[in-house]
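Notes to accompany the following structure.
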Amino acid sequence: MSRHLVVLLAVAAAACGGSSAAPSGTGSTPADVRAYNATAQQLTDAAASYGATSQQETTVAQCQTDHGTYQARVQPMIDQMRNLGPQMDEMMDAENHPEDADIGCGADAMQWLLDQYGSQACASTDMSVNHQRAEQHAQLMTDWAQHQTVRSAQLGSLMGMDMGGMTGMGGSTGTCQRNPDGSFTLSGGGMMGPGGGMQ
């Protein structure tokens, strides 16, 4: 068989692969998507729980203890989501929905939010100020985690997954955008940046 014919056969075989096949390099699996969805829901619950607990604090020392516990709880979740996000965005592109390929952006936004709050948490001797900052942070983190829950469910549906046990199905959400100043915006959602409720 001539080399020219081999090349033609290889091209023909690639063309017959089907439109649903992910291109090389898109490594997200149904297990990845399911794990991401579950982690996003856990993060939603953790942020909401922290927001409620923080309102009961009466001393700065108690505030610092609760914040440290919260930080230790959610940081591994965000790390996992940041690791999985880029390949899930590749899969979203492969499913012909590039406008929804913002999963990595959303995970980065939550890390930014956690870091910003970490520099302000429990910094005031006025506990009412600490309560307000914690409440604002918890609401923003919950909003972004819910965005990630919905987006991962959308990807799972596009991939034809069995959606049993996943949350966020049928939901709608905005789009994550990176701003020049290092902040993040969720269109139709909330602004995370200077003056965005984190003063």
Considering residues of the range 94-138 that are free of Cβ contacts under 8 Å to residues at least 12 places away in the same chain and closer than 18 Å to Arg178 by Cβ only, the residue surrounded by the most Cβ atoms within 10 Å (Cβ to Cβ): Pro98
Checked against (1) surrounded by fewer than 20 Cβ atoms within 10 Å (Cβ to Cβ); (2) assigned to a helix (DSSP H, G or I); (3) at pLDDT below 95, Thr65 satisfies every condition except (3)
Residues that are of a type in the set (Ser, Thr, Tyr) and not in a loop (DSSP other than H, G, I, E, B), drawn from the range 94-133: Tyr117, Ser128
Every listed condition ((1) in contact with a Ser or Thr (Cβ under 6 Å, 6 or more places away or on another chain); (2) modelled with pLDDT of 95 or more) holds for Ala52 save (1)
Identify all residues within the range 42-62 that are assigned to a loop (DSSP other than H, G, I, E, B), polar (S, T, N, Q) and surrounded by 19 or more Cβ atoms within 10 Å (Cβ to Cβ); write none if there are none. none
In this structure, does Met77 turn out to be under 18 Å from Trp144 (Cβ atoms) and modelled with pLDDT under 95? no
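The values are calculated or read from the model by the stated rules, or taken from the named source; none is laboratory data. Just so it is clear, the model here is predicted, and its values are computed rather than measured. Neighbour counts run over all protein chains shown; Cβ positions are idealised from the backbone, glycine included.
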